[in-house]
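Engineer: Handing you this structure, nothing more for now.
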């Protein structure tokens, strides 16, 4: 049962929905962003309301900021920059989109950036093509133009080892979707790079007492730690005693269970609960539904696949969605 | 013994070894079989709970109140629609024989909003028959009707995108004869939160969250409009009501009311800021009514079940008709948003002898927790409906004040006749 | 969806282990884009199980008018499972209507659990099954009105079947569950209840297989063209079929169409007519093992076994007597004779005749109940009988209602669950679990056991979550999802919090409804977060009043303090010009809520101070100056006045400090200000000090003015 919601402009190459799925931001090949809205929350026909240019290069990814910080997006462009744009009306002007901040660029190429969901402050994790990860934090909860670098590290479990001259072609960051200040901020990160140690997905947790990020788990089996990671997705947890994280690599899609509580060594025990080889299909995107029960994936085969666990806890491919030709 | 009571409790917990029901029907009035309660007398139970300071409050509706409510309601028909009803009104009579109502609805399947006229058939089983429909560009936020003396009625509607439409129904077949409108982005930035038509339909006031107050003069072929005030977003308005040809009241956030006089430009002539709700969270005024014969008193309904009257002659102290945390003076018919208030002409006509000239006239209200009731100063409220879903708006027929229509959240219209 | 059970022979396991996973369902997504489209598809979940799919077209240089892509909303496994009810509005009506019965039953359940806890005894089952039946009847009534195919006397005698509302298989399925699980009092009459059930829903089988209903419909269509019905084999076939499944009223009505009833024929076909009428009478006098019959239905009711037995024997004796009667020889119409005899065989329960008169196994099954084994009771023997009927009338594929019935008879809860879920969708299964658990202990254990494989929840809870997801995906039904979620003790609140978070808080109506739900279920942190989102949205979109209001409601001190600083600059700038009037309303709003306003309380005082200063400038002198002085001291004393405002305040007050006529501040007041200034100088050395945009000499000129004032004050005292 499908319903057409919006018609996109020519040259659109990426899209992203906001937290309540009532605003759509699309990125164009010429560096333009088009925003789509409906007139009321029950309607499902979207029309374009704002159009603005963020770059001369193509927009490769758009990410919405958490709504507690306003209506803002981060745009990652093919020149390696990440710019933050915010919708606001200043001093009796009309509402418009303005650039608040910009990170990276051709010399310092950004591959992925994701906002965290801590209730008290806004964090932004950025992964660079040189294999570095930077975590920025907002200084003023009402302004998106003041960011402070909070941490900078490499995606390796051994904090002593440093790898220079890494060359990464893609990265994926996924924050723990739980919005709570009781739990430390947490995200998982993986790379597709020429440095095997950087690649495997590692779960990073913020140690509030010492103000530093610590790797608490690695989602890879000993023999495929160097494997290229395409994308990662941390599932919402509505009450399970463990976390679920989906990992797409060149080997296929795997689903990992991770303990919610650390073991005595401070590590979170992990277990691969499902593995689905995806031959000749590079997974592009993975999304969990709001209950964390269904995983949707899309890839180079042009199909959307839905994955679920049955009552025995066995994960299986539930459905394949194929666009009509 | 089965009591009818209103419960508010929030979580399943153990009190005195007794587990409370889960908060399933918490918001609604429903029947509780007290055979399953520890205390045979619920009043005792309520007392004990209050002492333990738990989350449970039991409001016992007086059995008398209940019987009264049942007696007053002669007939109720709920008509399921396949559209969400955003607003509805009785239409002043187009002809001597027929009765019509006008409704603004939203079809979630087709994403279409429309304003429709239905003929209202009150014989043995009341029913509505669609007469004509006018497509609206977006959902209607406020719907009002008026009648110029000896002329045809007119319908005013404001939309969520900010446009205002005046529709002229044809008295012969109840079709829409003509329409004049002000397009969106002209009067307001964003949604129009409320509009009100003058009794004779000559002028219309519109207010919005953007803080603008506009005056629209209704002509047959065009609308003239001017801005009365623009707070530039510093104050948002959520309700408006005419008091006289030159005066009107508005309501907004923080339970504030403003009194405006078109003869005095530059801002409201009087302001009322409800600081009586000390301790309670501040609310929003959703609806205002002013009685034509007592224009110095505004009655307003808003958040947390608050219904109060503001007497311009005693501006500091509101008369609270219903609300929480207000001491012993008033009852609390509902604890959630009161969406609409209207003076109840029916009740006041039937027992006008009981009403002293000083008091507030009876007021009908509808609320988010499904209550449709008549409030009287210093009396127990008379409940007409206690539905499982929100009652979003209602209207009392001016010609037959015993008849009331209301729109329910679950895509249906209620038709009531009072005895 | 999770929780789909696959039927299996081994009842000890829920899902048979199969190394090959089930093949996934293939959906074809329709969109009106012209090919080609790129393989890169963007996906995003909306609320519930609605998936937003974005399709892009490749970047071609060719100039065509095609758009660059489409966004399509796909609702997965929602209300459309039962294809008969494809009217979304009707589905929502069922969803709205089932809230109240469901909620009441949950309340009763909790109350009874509490009671049994109190008395340390198990709840009384009889009471509970009464509530379950009540619940079942209420739900049943939502699914459509009772179908009646009863022909009335006034209407056209040739209308055998009345055109009534199309029965829904959803209702049929629900009634089956009700008969077996909810209606315990009527268990002795299950066979008769099933006969009634079939007469209501036999039409549903017609689309998929031959049925008596279809046979009657076809015959009725031909009827108008037939002169002498008794010559038509179809007429007799229709009668015997209707008789076999117990639609006695139709049988009698059809028999009376027999030509021998016509006035001009009576004389010549007297005996024939007598035989027809005799059969009609026997049919209408059939003993029925049931409490009562709806009006218009034929038969004689007996609600106790021995009475029934006696009547049944007597009735059968009458049939045998008629069968052996000599009148048959006098009947000249051969077809009538043969066919009536055939009817008698049906009444006598001749297996072969019943089998040929019925069209599918369920009909044959009913025929067995009626004419061969009226005392069949107990699911086990009923199941054996059903198996026998299936063998006699095998079907290539079973209708979903047949599969459901077999699952029930087999006492296989898993099959029943699987059928409910697969054939009728999430609504059915979420509501039917109440009937199933009331029906058997085994089912209750199966449904309520908490499973690690499901993340620690029971099957019942998992089905409710799935249904709540369906409700969540529609803008008009999401508000009833909380009722189901709250009944899910383990994961319900978690999902509810996410659902509420995903509502568009910046739409006032949605926000207010959201807050109401949060208030109901004590989710204060969720509602304050929604209010925070609304506050920030309004503030950033130029609606400052609404922004402050909602942030106050959310008690967000951090943001309010940030706003206070912005407002300070704003008020400072605009205090002199006419636009100040506009601020009045906002400051009014802030004023009374000092408890939650944070730094905004200061703003209120600052407004008064600025106003007095303004009056001085306007020439209202001494009195205003004194007031301004007092306001300044109040402000400086007040701990809520942020430190960064101290210097600007003092700098603004230079005129007061240097007041010509006499010093406005006494010694202690001046000392207070000097102390504050000292504190400020110390604070300036700290790295986190925020410098305000004042002239560099501001501090020194304030200090000079204060020193002068102190000197003058000392002298005056």
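The values are calculated or read from the model by the stated rules, or taken from the named source; none is laboratory data. Note that the structure is predicted; figures quoted are calculated from it, not measured. Neighbour counts are summed over all protein chains in view; Cβ atoms, including those assigned to glycine, are modelled from backbone coordinates with ideal geometry.
Engineer: What tally of residues in region A:295-304 results from selecting those that are more than 7 Å from chain C (Cβ to nearest Cβ) and in a strand (DSSP E or B)?
Structural biologist: Initial filter on region A:295-304 (more than 7 Å from chain C (Cβ to nearest Cβ)): A:295, A:297, A:299, A:303.
Okay, now just the ones that are also in a strand (DSSP E or B), so A:295, A:297, A:299.
Here the count works out to 3.
Rundown of residues vs (1) in contact with a helix residue (DSSP H, G or I) (Cβ under 8 Å, 6 or more places away or on another chain); (2) assigned to a loop (DSSP other than H, G, I, E, B), yes/no style:
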site	(1), (2)
B:227	no, no
B:233	yes, yes
B:241	no, no
B:244	no, yes
B:248	no, no
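Engineer: Go through C:63, C:37 for me and flag whichever is at the interface with chain A (Cβ under 7 Å from one of its Cβ atoms) and at pLDDT below 85.
Structural biologist: When all the criteria are applied, what remains is C:37.
Engineer: Just to be sure I understand, how many residues within region B:376-411 are assigned to a strand (DSSP E or B), more than 20 Å from residue B:286 (Cβ to Cβ) and touching a helix residue (DSSP H, G or I) at 6+ places or on another chain (Cβ under 8 Å)? Steps first, please.
Structural biologist: Let us first name the residues in region B:376-411 that are assigned to a strand (DSSP E or B), namely B:382-386, B:391-396, B:403-408.
Filter once more, keeping what is more than 20 Å from residue B:286 (Cβ to Cβ): B:382, B:403.
This time we only want the ones that are touching a helix residue (DSSP H, G or I) at 6+ places or on another chain (Cβ under 8 Å), so: B:382.
Looking only at that region, the number is 1.
Engineer: If you check C:444, C:419, C:434, which single one turns out to be more than 19 Å from the chain's Cα centre (by Cα) and buried (at least 24 other Cβ atoms within 10 Å of the Cβ)?
Structural biologist: C:419
Engineer: Going residue by residue through region B:170-184, is there one that turns out to be within 11 Å of another protein chain (Cβ to nearest Cβ), free of Cβ contacts under 8 Å to residues at least 60 places away in the same chain and either part of a strand (DSSP E or B) or closer than 25 Å to residue B:294 by Cα (or both)? Steps first, please.
Structural biologist: First, pick out the residues of region B:170-184 that are within 11 Å of another protein chain (Cβ to nearest Cβ): B:184.
When the remaining residues are screened for being free of Cβ contacts under 8 Å to residues at least 60 places away in the same chain, the result is B:184.
The next check asks that each one be either part of a strand (DSSP E or B) or closer than 25 Å to residue B:294 by Cα (or both); those that pass are none.
Within region B:170-184, none of the residues are within 11 Å of another protein chain (Cβ to nearest Cβ), free of Cβ contacts under 8 Å to residues at least 60 places away in the same chain and either part of a strand (DSSP E or B) or closer than 25 Å to residue B:294 by Cα (or both).
Engineer: State which residue is nearest to the other protein chains (Cβ to nearest Cβ) when the search covers only region C:66-101 and only residues that are at pLDDT 85 or above and in contact with a helix residue (DSSP H, G or I) (Cβ under 6 Å, 6 or more places away or on another chain).
Structural biologist: The selected residue is C:99.
Engineer: I've got another one for you. Please find, within region C:508-526, the residue that is surrounded by the fewest Cβ atoms within 10 Å (Cβ to Cβ) out of those that are facing chain A (nearest Cβ under 9 Å) and within 22 Å of residue B:305 (Cβ to Cβ).
Structural biologist: Filtering region C:508-526 for residues that are facing chain A (nearest Cβ under 9 Å) and within 22 Å of residue B:305 (Cβ to Cβ), the one surrounded by the fewest Cβ atoms within 10 Å (Cβ to Cβ) comes out as C:509.
Engineer: Okay, next question. On the basis of being touching a strand residue (DSSP E or B) at 6+ places or on another chain (Cβ under 8 Å), more than 8 Å from chain C (Cβ to nearest Cβ) and at pLDDT below 95, does residue A:266 make the cut?
Structural biologist: Working: touching a strand residue (DSSP E or B) at 6+ places or on another chain (Cβ under 8 Å): yes; more than 8 Å from chain C (Cβ to nearest Cβ): yes; at pLDDT below 95: yes.
Considered against the rule, which asks whether it is touching a strand residue (DSSP E or B) at 6+ places or on another chain (Cβ under 8 Å), more than 8 Å from chain C (Cβ to nearest Cβ) and at pLDDT below 95, residue A:266 comes out as yes.
Engineer: Okay, moving on. Of the numbered conditions (1) surrounded by 24 or more Cβ atoms within 10 Å (Cβ to Cβ); (2) touching a strand residue (DSSP E or B) at 6+ places or on another chain (Cβ under 7 Å), residue A:291 satisfies every one except a single condition; which is it?
Structural biologist: (2)
Engineer: Which of the following residues is assigned to a helix (DSSP H, G or I), buried (at least 20 other Cβ atoms within 10 Å of the Cβ) and either touching a helix residue (DSSP H, G or I) at 6+ places or on another chain (Cβ under 8 Å) or modelled with pLDDT under 75 (or both): C:634, C:613, C:677, C:664?
Structural biologist: It is C:613.
Engineer: Out of B:146, B:104, report the one residue that is crowded, with 21+ Cβ neighbours inside 10 Å and at pLDDT below 95. Let's see the steps before the verdict.
Structural biologist: Numbers: B:104 fails: at pLDDT below 95.
Criteria check complete, one pass: B:146.
Engineer: Same structure again: Need the failing condition index for residue A:158 against (1) assigned by TED's automatic domain parsing to the domain that holds residue A:19; (2) in a loop (DSSP other than H, G, I, E, B), just the number.
Structural biologist: (1)
Engineer: Also: Looking at B:286, B:296, which one is touching a helix residue (DSSP H, G or I) at 6+ places or on another chain (Cβ under 8 Å) and closer than 22 Å to residue B:317 by Cβ?
Structural biologist: On the way: B:296 fails: touching a helix residue (DSSP H, G or I) at 6+ places or on another chain (Cβ under 8 Å).
Result: B:286 is the single residue among B:286, B:296 that is touching a helix residue (DSSP H, G or I) at 6+ places or on another chain (Cβ under 8 Å) and closer than 22 Å to residue B:317 by Cβ.
Engineer: Which number in (1) surrounded by 23 or more Cβ atoms within 10 Å (Cβ to Cβ); (2) part of a strand (DSSP E or B); (3) free of Cβ contacts under 8 Å to residues at least 60 places away in the same chain marks the one condition that residue B:210 misses?
Structural biologist: (2)
Engineer: In region C:451-463, how many residues are in a helix (DSSP H, G or I) and either at the interface with another protein chain (Cβ under 7 Å from one of its Cβ atoms) or closer than 16 Å to residue A:240 by Cβ (or both)?
Structural biologist: Final tally of qualifying residues: 6.
Engineer: Please enumerate the residues belonging to region A:25-47 that are under 20 Å from residue B:110 (Cα atoms), in a strand (DSSP E or B) and within 11 Å of chain C (Cβ to nearest Cβ).
Structural biologist: Residues of region A:25-47 under 20 Å from residue B:110 (Cα atoms): A:36-47.
Those left that are additionally in a strand (DSSP E or B): A:36-37, A:47.
Once the filter is applied, which keeps residues that are under 20 Å from residue B:110 (Cα atoms), in a strand (DSSP E or B) and within 11 Å of chain C (Cβ to nearest Cβ), region A:25-47 yields A:36, A:37.
Engineer: Exactly one of (1) under 15 Å from residue B:211 (Cα atoms); (2) facing chain C (nearest Cβ under 8 Å) is unmet by residue B:273. Its number?
Structural biologist: All conditions pass for residue B:273, except number (1).
Engineer: Applying the selection to region C:479-507, what residues are assigned to a helix (DSSP H, G or I) and either on the phi > 0 side of the Ramachandran plot or facing chain A (nearest Cβ under 10 Å) (or both)?
Structural biologist: C:485, C:492, C:493, C:494, C:495, C:496, C:497, C:498, C:499, C:501
Engineer: Sticking with this structure for a sec: Sort out which residues of region A:192-226 are at pLDDT below 90 and in contact with a helix residue (DSSP H, G or I) (Cβ under 9 Å, 6 or more places away or on another chain), and write them in order of number.
Structural biologist: A:225, A:226
Engineer: Just give me the residues in region C:539-550 being assigned to a helix (DSSP H, G or I) and either buried (at least 24 other Cβ atoms within 10 Å of the Cβ) or in contact (Cβ under 8 Å) with a residue 60 or more places away in the chain (or both), in sequence order.
Structural biologist: C:539, C:544, C:545, C:546, C:547, C:548, C:549, C:550, listed by residue number.
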